[in-house]
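The values are calculated or read from the model by the stated rules, or taken from the named source; none is laboratory data. Predicted model, so just to flag it, every value in this text is computed and none were measured. No Cβ is skipped: glycine too gets one built from the backbone with ideal geometry, and neighbour counts run over all protein chains shown. The accessibility values were calculated without ligands, DNA or RNA, using every heavy atom of the protein model including side chains. Shrake-Rupley method; radii C 1.70, N 1.55, O 1.52, S 1.80 Å.
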Amino acid sequence: MAARGHAADTPALRVRDLEVELGRGTRRVVAVDRLSFEVAAGETLAIVGESGCGKSMTALGVLRLLPGASARMRATELTLGEIDLLSLSPEELRRLRGDRIAMIFQEPMTSLNPVLTVERQITETLRVHRQLGRSAARARALELLHAVRIPDPERRLQQYPFELSGGMRQRVMIAAAVSCNPDVLIADEPTTALDVTVQAQILEVLLDLKRQRGMALVLITHDLGVVAQTAQRVVVMYAGRKVEEARVRDLFANPRHPYTRGLMGSMPRLGASQGDGPRGRLPEMAGTVPVLDRPAPGCAFAPRCALADARCTREAPPLVAFEDGHTAACWRADAVIEAAHGVD
Amino acid sequence: MIGYVIRRLLMVVPVMAIVTIVVFVLSRVGPGDPAAILVGDFASSAEIARTRAAMGLDRPLVVQYFSWLSQLLHGDLGISIFSRTPVLELIVQSAEPTLLLTATAMIYSIALAVPVGVLAAARAGSSIDRALMGAAVLGFSTPVFVLGYMLAYVFGYRLGILPVQGYPGLESGFGPVLRSLTLPAIAIGATFVALIARVTRASMLEVLSEDYIRTARAKGLPGSTILLVHALKNAAIPVITMVGIGFGVLLSGVVVTESVFAIPGIGRLTVNAIFRRDFPVIQGVVLVISLAYVLLNLAVDLTYTLFDPRIRY
Ligand SMILES: Nc1ncnc2c1ncn2[C@@H]1O[C@H](COP(=O)(O)OP(=O)(O)O)[C@@H](O)[C@H]1O
Ligand SMILES: [Mg+2]
């Protein structure tokens, strides 16, 4: 894994206390609340949570691409390798986007420009960031299409997005995103809009590229099945906050947060180590993610949590470290374990 | 594409057939008797009747229509009652200043309005946006003749830097022609500029909120590339549509403006023909302009393919 010149202990991306607010006054929403994570070169970090948990806003906040004039982001630290993103001017930041840090989006059908050719959409990053000439960029685009396993790349280059299937479009998105060999690739639900067989192919392409190029991959998903197949570490988000973080193996073996348990309960295929204990306690997750316009004092998950007690609704639980690298924000984390093992 | 053009050209036939019927009916139901106008105020009723018969105005309307139509199909638009000149000749003579005026107005309007609309959209909500759109409302609501007289007064009379009357003709060179068309073109184009700028802004705003613009920003492309390539190309279709629709607005402005600036074009020809009830000329002008309008709209539809690869004919 070719770590690109930074010291081994410097993560490719480090985010500390990221906050994203949308709207103003009574319409103010805290979409991301003091979220911290880091990802190393060659590593895949999954960020998982239901729709509306603030995953996309996290990604857009890191790239400083939040929608609208009223969106605001804040962080105590935001570094890309050795580069402090918080101190950069908008122009300096623009030069990094698409070059050192890239992103692919959930909606392959709408995320490509409908009136520009595939060639243009893949080569423009190379031409802007690498000053490649037309034919050099084109040659590079052919390699990239090959790398994302698009057959007949010569013909595809001349086509427009409407001539491609959803899976093909997402491959084009990926090719464009990795064209400059970014250090960090953020993939926001890259397979959610695709059907299952295509999903697996796209994930495989992503993981291969990550391995070949030693990128750090931040894979955003609402699907724990995807996490199990792809990631080394996982951050579980709920209502804008990190509620649990662990190595993937530890998370599946020993989930600490009732919300994580709930997600596993609603997962179609569970890992072998999962008994039916949690299903008994959290048969399904009733309710939905709260909109964070009126932050309640307690744990945001308490209204949906079978284990919640008086303290949970009164006081927000802090993130607590359990075994190595495993943290969770739950007052009842021990009860979760007991419930899982059927002790209760 | 060629097949589509041929089909569209064939569709011009029924459209123009309807136009001929409307033109014919309108010219006969209006008040005033062309024969009476032609022979003058002091003619006897017998004289008028003779003239009517000579002009074929005493025949049944249906017969009159079809004989007129058959003339049209032979390229004969009739003879001006007033000047006794073939209508087609009159139109060809007046066409040069009108074509040049329309083209000048159109080109400068688009060249001004599209950047204004793009800038307003890029700075939506800012004071620049508000100033530009305020100016657009003003431009849109100022009548062409008011603007025409104002421009003539300021630039022609007070400053004396541009001619305000007449048209020298291409034989005197391109420079003088352009100078004499500048003020009328601005007068005609004001409405058009306002219209196109507003449509450009609205269309750009819609496009700028699309996912693919977010993608372009995530790629780190320069702001100008995002606006002018990624957004504008997508925003072009409604703008082109409005150019086609606005052509009608432009033509109505031509009629007024040519009178204000004494330009001997189709507009003046039409106004004079209306005052003289010179109905062959009126009919001829309406037919020619209708045809131009239909063909322009075909051109507009074909222009779409330049901007959107999904549109194929
Ligand atoms: N453009 C927006 N304006 C206001 N609120 C938004 C906007 N986009 C998303 N939100 C809110 O921000 C929160 C987080 O959204 P998002 O990050 O898109 O969630 P996820 O990606 O996890 O599904 C949600 O509560 C959502 O309602
Ligand atoms: Mg999302």
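Quick one: in segment A:69-83, which of the residues that are within 13 Å of chain B (Cβ to nearest Cβ) and open to solvent by less than 60 Å² (accessible area, probe 1.4 Å) is nearest to ligand 2 (Cβ to nearest atom)? First the steps, then the outcome.
We begin by selecting, within segment A:69-83, every residue within 13 Å of chain B (Cβ to nearest Cβ); these are A:69-71, A:80.
Still in the running and open to solvent by less than 60 Å² (accessible area, probe 1.4 Å): A:70-71, A:80.
Working: A:Ser70: 19, A:Ala71: 14, A:Leu80: 22 Å.
Filtering segment A:69-83 for residues that are within 13 Å of chain B (Cβ to nearest Cβ) and open to solvent by less than 60 Å² (accessible area, probe 1.4 Å), the one nearest to ligand 2 (Cβ to nearest atom) comes out as A:Ala71.
On the given criteria, is B:Ile213 surrounded by fewer than 23 Cβ atoms within 10 Å (Cβ to Cβ) and at pLDDT below 95?
Values: surrounded by fewer than 23 Cβ atoms within 10 Å (Cβ to Cβ): yes; at pLDDT below 95: no.
Judged against the criteria, B:Ile213 is not a match.
Scan segment A:104-115 for residues that are open to solvent by 10 Å² or more (accessible area, probe 1.4 Å) and either more than 26 Å from the chain's Cα centre (by Cα) or farther than 17 Å from B:Leu232 by Cα (or both) and report the count.
Of the residues in that region, 3 qualify.
Cβ-Cβ below 8 Å, separation at least six or inter-chain, first residue in segment B:229-240 and under 16 Å from B:Ala197 (Cβ atoms), second open to solvent by less than 40 Å² (accessible area, probe 1.4 Å) and acidic (Asp, Glu): which pairs?
B:Ala236/B:Asp308
Please verify whether segment B:130-143 includes one or more residues that are within 14 Å of another protein chain (Cβ to nearest Cβ) and farther than 19 Å from B:Ile110 by Cα. Reasoning before the result, please.
Taking segment B:130-143 as the starting set, the residues that turn out to be within 14 Å of another protein chain (Cβ to nearest Cβ) are none.
Checking segment B:130-143: not a single residue is within 14 Å of another protein chain (Cβ to nearest Cβ) and farther than 19 Å from B:Ile110 by Cα.
Only one of (1) facing chain B (nearest Cβ under 9 Å); (2) in contact with a His (Cβ under 9 Å, 6 or more places away or on another chain); (3) not hydroxyl-bearing (Ser, Thr, Tyr) is not met by A:Pro153, so which one is it?
Among (1) facing chain B (nearest Cβ under 9 Å); (2) in contact with a His (Cβ under 9 Å, 6 or more places away or on another chain); (3) not hydroxyl-bearing (Ser, Thr, Tyr), the lone unmet condition for A:Pro153 is (1).
Within segment A:183-191, is there a residue that is away from chain B (no Cβ under 13 Å) and either in a helix (DSSP H, G or I) or polar (S, T, N, Q) (or both)?
Scanning segment A:183-191 turns up at least one residue that is away from chain B (no Cβ under 13 Å) and either in a helix (DSSP H, G or I) or polar (S, T, N, Q) (or both).
Check segment B:45-55 and report whether any residue there is in contact with a Leu (Cβ under 8 Å, 6 or more places away or on another chain), closer than 16 Å to B:Gln283 by Cβ, in a helix (DSSP H, G or I) and open to solvent by less than 50 Å² (accessible area, probe 1.4 Å).
Scanning segment B:45-55 turns up no residue that is in contact with a Leu (Cβ under 8 Å, 6 or more places away or on another chain), closer than 16 Å to B:Gln283 by Cβ, in a helix (DSSP H, G or I) and open to solvent by less than 50 Å² (accessible area, probe 1.4 Å).
Within segment A:322-337, how many residues are at pLDDT 90 or above and either in contact with a helix residue (DSSP H, G or I) (Cβ under 8 Å, 6 or more places away or on another chain) or not in a loop (DSSP other than H, G, I, E, B) (or both)?
To start, the set of residues in segment A:322-337 that are at pLDDT 90 or above comprises A:326-331.
Those left that are additionally either in contact with a helix residue (DSSP H, G or I) (Cβ under 8 Å, 6 or more places away or on another chain) or not in a loop (DSSP other than H, G, I, E, B) (or both): A:326-328, A:330-331.
Residues meeting the conditions: 5.
Would you call B:Leu112 over 24 Å from B:Ile266 (Cβ atoms), assigned to a helix (DSSP H, G or I), assigned by TED's automatic domain parsing to the domain that holds B:Ser224 and open to solvent by 40 Å² or more (accessible area, probe 1.4 Å)?
Details: over 24 Å from B:Ile266 (Cβ atoms): yes; assigned to a helix (DSSP H, G or I): yes; assigned by TED's automatic domain parsing to the domain that holds B:Ser224: yes; open to solvent by 40 Å² or more (accessible area, probe 1.4 Å): yes.
For B:Leu112, the condition - over 24 Å from B:Ile266 (Cβ atoms), assigned to a helix (DSSP H, G or I), assigned by TED's automatic domain parsing to the domain that holds B:Ser224 and open to solvent by 40 Å² or more (accessible area, probe 1.4 Å) - is met.
Does B:Val249 satisfy the condition of being within 30 Å of B:Asp41 (Cα to Cα) and either buried (at least 23 other Cβ atoms within 10 Å of the Cβ) or more than 14 Å from chain A (Cβ to nearest Cβ) (or both)? Steps first, answer last, please.
On the way: within 30 Å of B:Asp41 (Cα to Cα): no; either buried (at least 23 other Cβ atoms within 10 Å of the Cβ) or more than 14 Å from chain A (Cβ to nearest Cβ) (or both): yes.
Criteria not met by B:Val249.
Of all residues in segment B:56-73, how many are open to solvent by 50 Å² or more (accessible area, probe 1.4 Å) and assigned to a helix (DSSP H, G or I)? Even if it seems obvious, please write down each step before you answer.
Filtering segment B:56-73 down to residues open to solvent by 50 Å² or more (accessible area, probe 1.4 Å) leaves B:58-63, B:66, B:70-71, B:73.
Now drop any that are not assigned to a helix (DSSP H, G or I), which leaves B:61-63, B:66, B:70-71, B:73.
Result for segment B:56-73: 7.
Go through the residues of segment B:93-109 one by one and say whether even a single one is in a loop (DSSP other than H, G, I, E, B) and modelled with pLDDT of 90 or more.
Start the filter on segment B:93-109 by keeping residues that are in a loop (DSSP other than H, G, I, E, B), which leaves none.
No; the residues of segment B:93-109 include none that is in a loop (DSSP other than H, G, I, E, B) and modelled with pLDDT of 90 or more.
Among the residues of segment B:256-310 satisfying the criterion of being within 14 Å of chain A (Cβ to nearest Cβ) and touching a residue at least 40 places away in the same chain (Cβ under 8 Å), which is farthest from the chain's Cα centre (by Cα)? Don't jump to the end; show me each part of the working.
The initial filter retains those residues of segment B:256-310 that are within 14 Å of chain A (Cβ to nearest Cβ), namely B:303-310.
So of that shortlist, the ones also touching a residue at least 40 places away in the same chain (Cβ under 8 Å) come out as B:303-305, B:307-308.
On the way: B:Thr303: 18, B:Tyr304: 20, B:Thr305: 23, B:Phe307: 24, B:Asp308: 26 Å.
Here the answer is B:Asp308.
I'd like to know if segment B:23-43 contains one or more residues that are of a type outside the set (Val, Ile, Thr), closer than 30 Å to B:Tyr313 by Cβ and open to solvent by less than 40 Å² (accessible area, probe 1.4 Å). So that I can check it myself, show each step before the final result.
Step one: filter segment B:23-43 for residues of a type outside the set (Val, Ile, Thr), giving B:24, B:26-28, B:30-36, B:38, B:40-43.
Those left that are additionally closer than 30 Å to B:Tyr313 by Cβ: none.
Checking segment B:23-43: not a single residue is of a type outside the set (Val, Ile, Thr), closer than 30 Å to B:Tyr313 by Cβ and open to solvent by less than 40 Å² (accessible area, probe 1.4 Å).
Residues checked against (1) more than 28 Å from A:Gly23 (Cα to Cα); (2) modelled with pLDDT under 85; (3) outside the structural domain of A:Leu22 (by TED's automatic domain parsing):
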site: A:Ser273; (1), (2), (3): yes, yes, yes
site: A:Gly277; (1), (2), (3): yes, yes, yes
site: A:Gly287; (1), (2), (3): no, yes, yes
site: A:Gly298; (1), (2), (3): no, no, yes
site: A:Ala302; (1), (2), (3): no, no, yes
site: A:Cys305; (1), (2), (3): yes, no, yes
site: A:Ala308; (1), (2), (3): yes, no, yes
site: A:Pro317; (1), (2), (3): no, no, yes
site: A:Val320; (1), (2), (3): yes, no, yes
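Identify all residues within segment A:195-221 that are more than 16 Å from ligand 1 (Cβ to nearest atom), buried (at least 22 other Cβ atoms within 10 Å of the Cβ) and not charged (D, E, K, R); write none if there are none.
Of everything in segment A:195-221, those that are more than 16 Å from ligand 1 (Cβ to nearest atom), buried (at least 22 other Cβ atoms within 10 Å of the Cβ) and not charged (D, E, K, R) turn out to be A:Ile202, A:Leu206, A:Met215, A:Ala216, A:Leu217.
Against the condition within 14 Å of another protein chain (Cβ to nearest Cβ), open to solvent by less than 30 Å² (accessible area, probe 1.4 Å) and under 18 Å from the mean Cα position of the chain (by Cα), how does B:Ile240 come out, does it pass? Explain how you work it out, then say what you get.
Numbers: within 14 Å of another protein chain (Cβ to nearest Cβ): yes; open to solvent by less than 30 Å² (accessible area, probe 1.4 Å): yes; under 18 Å from the mean Cα position of the chain (by Cα): yes.
It is true that B:Ile240 is within 14 Å of another protein chain (Cβ to nearest Cβ), open to solvent by less than 30 Å² (accessible area, probe 1.4 Å) and under 18 Å from the mean Cα position of the chain (by Cα).
What's the total number of residues in segment A:12-70 that are free of Cβ contacts under 8 Å to residues at least 40 places away in the same chain, farther than 22 Å from A:Arg249 by Cβ and more than 14 Å from ligand 1 (Cβ to nearest atom)?
Qualifying residue count for the region: 1.
Taking the condition among the hydrophobic types (A, V, I, L, M, F, W, C), away from ligand 1 (no atom under 16 Å from the Cβ) and open to solvent by 40 Å² or more (accessible area, probe 1.4 Å), does A:Ile101 pass?
Numbers: among the hydrophobic types (A, V, I, L, M, F, W, C): yes; away from ligand 1 (no atom under 16 Å from the Cβ): yes; open to solvent by 40 Å² or more (accessible area, probe 1.4 Å): no.
So A:Ile101 does not fit the description; no.
If you check A:Leu132, A:Leu142, which single one turns out to be farther than 29 Å from A:Gly54 by Cα and in contact with a Pro (Cβ under 7 Å, 6 or more places away or on another chain)?
Working: A:Leu132 fails: in contact with a Pro (Cβ under 7 Å, 6 or more places away or on another chain).
Checking each option against the conditions leaves just A:Leu142.
From the set of residues in segment A:116-145 that are hydroxyl-bearing (Ser, Thr, Tyr) and more than 7 Å from every other protein chain (Cβ to nearest Cβ), which is most open to solvent (accessible area, probe 1.4 Å)? Even if it seems obvious, please write down each step before you answer.
Filtering segment A:116-145 for residues hydroxyl-bearing (Ser, Thr, Tyr) gives A:117, A:123, A:125, A:135.
Then drop every residue that is not more than 7 Å from every other protein chain (Cβ to nearest Cβ), which leaves A:117, A:123, A:135.
Values: A:Thr117: 32, A:Thr123: 9, A:Ser135: 93 Å².
Only one residue fits best here, namely A:Ser135.
For segment B:191-237, name all the residues that are touching a helix residue (DSSP H, G or I) at 6+ places or on another chain (Cβ under 7 Å), facing another protein chain (nearest Cβ under 10 Å) and hydroxyl-bearing (Ser, Thr, Tyr).
B:Tyr212, B:Thr215
Results for (1) under 21 Å from A:Glu124 (Cα atoms); (2) free of Cβ contacts under 8 Å to residues at least 60 places away in the same chain; (3) within 15 Å of the chain's Cα centre (by Cα); (4) away from ligand 2 (no atom under 16 Å from the Cβ), shown as yes or no for each residue.
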{"site": "A:Ile186", "(1), (2), (3), (4)": "yes, no, yes, no"}
{"site": "A:Val196", "(1), (2), (3), (4)": "no, yes, no, yes"}
{"site": "A:Ala216", "(1), (2), (3), (4)": "no, no, yes, yes"}
{"site": "A:Asp223", "(1), (2), (3), (4)": "no, no, yes, no"}
{"site": "A:Val234", "(1), (2), (3), (4)": "no, no, yes, yes"}
{"site": "A:Leu251", "(1), (2), (3), (4)": "no, no, no, yes"}
